Amino acid sequence: MVDKVMTPEEVVGRLRSGMTVGIGGWGSRRKPMALVRALLRSDVTDLTVVSYGGPDVGMLAAAGRIRKLVTAFATLDSIPLEPHYRAAREGGAFELVELDEAMLMWGLTAAVHRLPFLPIRAGLGSDVMRVNPRLRTVRSPYEDGEELVAVPALRLDAALVHLNRADRQGNAQYLGPDPFFDDLYCEAAEHAYVSCEQLVDTEELAKADGPQSLLVKRLSVAGVVAAPNGAHFTSCTPDYERDEAFQRHYAATEWSAFAERFLGGSELDYRSAVAAWQEEQR
């Protein structure tokens, strides 16, 4: 078995400006934030990002790294609209392709199966078709003759996801209530990178309740990163919940000030800065 363990810096070292990068998780839940922070420390830019957006999108947009964003939303969950995403979008910083949630899932699924598109009813009769004039419809070749949206495949150069547990070969497991389509991101990408709360032996993965928790298979993974607390400040249930206090601070702080204090150094520096901030709040 190939040992695929890497550092966040080694993962980012494989990314290039201009790539299409999918980022797993959902809103402010189980985002691969340690990998996003490593990406922010690099000079990689001009990205097309595909994401059910949260602070990953907000930070990359505020830092000017996104050329095009494909998303269904950008939210911090307990804060409905991601403020740094909003500021960047209102400033015209990037092109936006706004899809229905199911359309985004279907676009990833088409890429997984190496299809050019998949038909879906979602989007019909809505403004999705108006704001995305490049979308096309197809008509069923069968007797029903139904008109459907042809959702184009969302092929990814790279995917970044965060799971609760993984082994050194790239098998990865979620222990929370929702897979968040992380398996689709990995299988739709040329190269997928998984960060995890804990590296374990393969035998440990089999002890979890339910085989469906083994979400990501090693065949679709190019690299594994041990990143304890690597989803912070988003949640990674059941390992930890969202850091609501720090998220409120992030949302209320001007971007340059937040970046200077928390994102100017290594991941260890980030943790130290967060700990210092938490101590100040006591």
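The values are calculated or read from the model by the stated rules, or taken from the named source; none is laboratory data. Since the model is a prediction, treat every value here as computed from it, not as a measurement. No Cβ is skipped: glycine too gets one built from the backbone with ideal geometry, and neighbour counts run over all protein chains shown.
Filtered by the rule that a residue be closer than 21 Å to LEU47 by Cβ and in contact (Cβ under 8 Å) with a residue 24 or more places away in the chain, the stretch 113-145 gives a lone residue, ASN132. Residues to consider are SER213, SER220; find the one that is farther than 22 Å from LEU40 by Cα, buried (at least 18 other Cβ atoms within 10 Å of the Cβ) and modelled with pLDDT of 95 or more. Answer to the check: SER220. Within the option set ARG65, ARG41, being modelled with pLDDT of 95 or more and more than 16 Å from the chain's Cα centre (by Cα) holds for one residue only, ARG41. Could you say whether any residue in the stretch 136-145 is in contact with a helix residue (DSSP H, G or I) (Cβ under 6 Å, 6 or more places away or on another chain) and not β-branched (Val, Ile, Thr)? Scanning the stretch 136-145 turns up no residue that is in contact with a helix residue (DSSP H, G or I) (Cβ under 6 Å, 6 or more places away or on another chain) and not β-branched (Val, Ile, Thr).
Number of residues in the stretch 254-270 that are buried (at least 17 other Cβ atoms within 10 Å of the Cβ) and either in contact with a strand residue (DSSP E or B) (Cβ under 9 Å, 6 or more places away or on another chain) or touching a residue at least 60 places away in the same chain (Cβ under 8 Å) (or both) equals 4.
Evaluated against (1) without any contact (Cβ under 8 Å) to a residue 24 or more places away in the chain; (2) not assigned by TED's automatic domain parsing to the domain that holds THR253, ALA74 falls short on exactly one condition, (2). The strands (runs of 3 or more DSSP E) located wholly in the stretch 95-204 that include 3 or more residues which are within 14 Å of the chain's Cα centre (by Cα) and not aromatic (Phe, Trp, Tyr) occupy 156-166, 189-199. Tell me the residue from ALA251, ALA189 that is crowded, with 22+ Cβ neighbours inside 10 Å and either within 27 Å of GLY64 (Cβ to Cβ) or modelled with pLDDT under 95 (or both), please. Step by step, each of ALA251, ALA189 is checked, and only ALA189 is crowded, with 22+ Cβ neighbours inside 10 Å and either within 27 Å of GLY64 (Cβ to Cβ) or modelled with pLDDT under 95 (or both).
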